[in-house]
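Below is one structure, written out as structure tokens; the observations come after it.
Read the figures in this text as sums done on the coordinates, not as results from a lab. In this text, all values refer to a predicted model and were calculated from it rather than measured experimentally. Ideal geometry is used to build each Cβ from the backbone, glycine not excepted, and the neighbour counts take in all protein chains shown.
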Amino acid sequence: MKKEDLRILKTKAQIYRTLNDLLKENTFDEIKVSDICKKSLINRSTFYDHYQDKNDLLNKYIEDKKEEIKELLKDKKNYNEIIKELLTYIDDNKELIIKLKNTRIKDIIIESILVNTNNNIENIFYSSAIVNTIFYYLLNEKTFNKTEIQNILKKLLNKK
């Protein structure tokens, strides 16, 4: 595989940071390629050298997030460790996750959990329960706190 030029890596990183910043202020639909270019301090042609359009950028951004989550959960076989890491990750990225409103994020997390556990029906069930409970917490933070959710999930997993 050909290694990417450092300038290209820096440009893509800057575009990702800009997308992340813009998503804190706007929905994805409200963001224009011109907004990304202006805030990234790049030309439109540079943007289009790397991405077909803003949807292509989002898809590649989500793929990178997928790798980030897989790396975060790598070697975590214990559900309690997985839950702790996921709650921290989701807390750190909450604005982005809410703005994306993308079930692909849930699927990515479930897939990442299953990579670290046996890919059987029981683990699929528990992984889905963990992720949906965490996302419920994310959207209803005033109702539950992180520790309560962690304790609820521990109880659920201890019954298996």
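Let me have the 222 nm mean residue ellipticity of the chain computed from DSSP H runs of 4+ only, each contributing -39500 (n - 2.57), with the sum over all residues rounded to the nearest 500. Walk me through the numbers on the way to the answer.
On the way: 9 runs with 122 residues, N = 160.
Helix-only estimate at 222 nm: -24500 deg cm²/dmol.
Run the quick spin-label model on Thr147 and Asn20: label points 7 Å from Cα toward the beta carbon, then report their separation in nm to one decimal.
Placing both labels 7 Å along Cα→Cβ, they lie 2.9 nm apart.
Please list, in order along segment 74-79, the HN-Hα scalar couplings obtained from phi with the Karplus expression 6.51 cos²θ - 1.76 cosθ + 1.60 (θ = phi - 60°), rounded to whole Hz, x for Gly and Pro.
With the stated coefficients, segment 74-79 comes to 3, 6, 9, 9, 8, 4 Hz.
Whole-Hz ³J(HN,Hα) for each residue in segment 43-51, computed from phi via Karplus 6.51 cos²θ - 1.76 cosθ + 1.60 with θ = phi - 60°, x for glycine and proline: what do you get?
Rounded to whole hertz, the list is 7, 4, 4, 5, 4, 6, 5, 10, 9.
Hey, of (1) 2, 10, 19, 22, 21, 14, 7, 3, 1, 1, 0, 0; (2) 1, 7, 12, 14, 11, 7, 5, 4, 4, 4, 4, 4, 3, 3, 2, 2, 2, 2, 2, 2, 2, 1, 1, 1, 0, 0; (3) 1, 8, 17, 18, 16, 13, 11, 8, 5, 2, 0, 0, which did the structure itself give for P(r) over Cα pairs in 5 Å bins from 0, in percent when calculated?
Among (1) 2, 10, 19, 22, 21, 14, 7, 3, 1, 1, 0, 0; (2) 1, 7, 12, 14, 11, 7, 5, 4, 4, 4, 4, 4, 3, 3, 2, 2, 2, 2, 2, 2, 2, 1, 1, 1, 0, 0; (3) 1, 8, 17, 18, 16, 13, 11, 8, 5, 2, 0, 0, the one calculated here is (3).
Once you have a ≥ b ≥ c as the square roots of the Cα gyration tensor eigenvalues for segment 1-51, tell me rounded if a/c is under 1.5, and otherwise prolate or oblate according to whether a/b is larger than b/c. Let's see the in-between values first.
Values: a/c = 2.34, a/b = 1.87, b/c = 1.25.
Prolate, since a/c reaches 1.5 and a/b exceeds b/c.
Relative contact order, percent, of the chain when contacts are C-alpha pairs under 8 Å separated by at least 6 residues? Working shown, then result.
Numbers: 95 pairs, mean separation 34.2, N = 160.
Reported as a whole number, the value is 21 percent.
Can you run phi through the Karplus equation (6.51, -1.76, 1.60; θ = phi - 60°) for segment 85-98 and list ³J(HN,Hα) in whole Hz, with x for Gly and Pro?
Per-residue couplings from phi come out as 5, 5, 4, 5, 4, 5, 4, 5, 10, 4, 4, 5, 4, 5 Hz.
Students often get this wrong, so check it: of Lys70/Lys146; Lys12/Lys154; Lys106/Lys155; Lys10/Lys94; Lys39/Lys74; Lys54/Lys76, which have C-alpha atoms separated by over 30 Å?
Where the Cα-Cα span goes over 30 Å, the pairs concerned are Lys12/Lys154; Lys39/Lys74; Lys54/Lys76.
What FRET efficiency do you get for Leu157 and Asn59 if R0 is 41 Å and r is their Cβ-Cβ distance, rounded to the nearest 0.05?
Working: r = 33 Å, r/R0 = 0.80.
Efficiency, from the Cβ-Cβ distance: 0.80.
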